[in-house]
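The structure under discussion appears below in the form of structure tokens.
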Amino acid sequence: MTDAITADALANILARHALWLADDQTGEQATLRGADLCDADLCDVNLRVADLSGCTLIGVNLWCTSLSGADLTGADLTGANLSDGRLHRTNLSRANLSRADLSRADLRGADLTHVNLTGADLRDADLRGADLWRADLTGADLRGADLTDANLRGADLRSANLHGATLCGADRPPT
């Protein structure tokens with residue numbers, strides 16, 4: 001179950017988080033654990049190292065948003081727009097990213113274990129060193145994605161489009 005959050009409360013949390021990122025002696029790290037953010041405008045927002053675990057972000061526009069180092073464990077990002085997003089070292093384990101747009105996203109070193117990426121758009125995404133252990137990539141579009149040194153053990157790549165993807169050093173699932 002998620003809790004709805006008002007636009008004013010979210011604006012206050014984001015402002016305090018921005019202060020905290022600039023100087024950790026002021027402001028406060030954003031903790032939005034379990035919040036329903038489906039109506040939020042988070043386009044091009046800096047949510048670096050924020051706690052968004054268990055959040056509902058279905059269909060939310062997160063274009064160009066910085067989520068590097070954030071905790072999105074178990075979050076529902078079905079159909080969300082994360083294109084051009086910065087998700088370096090983000091924890092997305094057990095998140096639902098089905099049909100999400102992650103094209104050109106920076107997912108270097110991200111934890112994508114047990115993630116649902118069915119039908120996701122990962123064209124030209126940077127997944128170098130990402131952990132995709134047991135991820136469901138059924139029907140995902142990975143054209144041009146860089147999966148160098150990614151962990152793909154146990155990943156389901158049925159019907160995934162890997163045309164032009166770089167798989168150098170990636171642990172591939174057995175065929």
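Rounded to the nearest 500 deg cm²/dmol, what is the calculated helix-only ellipticity per residue at 222 nm for the chain, with -39500 (n - 2.57) per DSSP H run of length n ≥ 4? Kindly include the intermediate steps, with their values, before the conclusion.
Working: 1 runs with 16 residues, N = 175.
So the calculated ellipticity at 222 nm is -3000 deg cm²/dmol.
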With the charge dipole of the chain built from beta-carbon charges (+1 for Lys and Arg, -1 for Asp and Glu) about the Cα centre, the Cα from L157, T26, A135 projecting farthest to the positive end belongs to L157
Enumerate the amide H contacts of G54 below 5 Å, restricted to partners 5 or more residues apart or on another chain; note that Pro and chain-start residues carry no placed amide H. G34, T73, G74, A75
Picking from L107, T6, S68, whose Cα lies most toward the positive end of the charge dipole for the chain (charges on Cβ: Lys, Arg +1; Asp, Glu -1)? L107
Roughly what angle does helix 7-22 make with the longest principal axis of the chain, taking Cα atoms, 0 to 90 degrees, to the nearest 10? 80 degrees
The chain, relative contact order [Cα under 8 Å, separation at least 6], %: 11 percent
Pairwise centroid distance, computed over Cα atoms, of region 140-162 with region 49-105, Å: 18 Å
Express in nm, to one decimal, how much length is gained between C43 and Q25 on full extension, taking 0.36 nm for each residue of separation and deducting their alpha carbon distance. 3.9 nm
Would you kindly calculate the translational diffusion coefficient of region 124-175, applying Stokes-Einstein with the Kirkwood radius from alpha carbon pairs, for 25 °C and a viscosity of 0.890 mPa s, and quote it in µm² s⁻¹ without decimals? 234 µm²/s
For the chain, what's the radius of gyration and Dmax over Cα atoms, in angstrom? 15.7, 53
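Read-outs: derived from the displayed coordinates by stated rules, not from any lab. Nothing here was measured: the structure is a model prediction, and the numbers come from that model. As a convention, Cβ positions derive from the backbone with ideal geometry for all residues, glycine included, and neighbour counts pool all protein chains shown.
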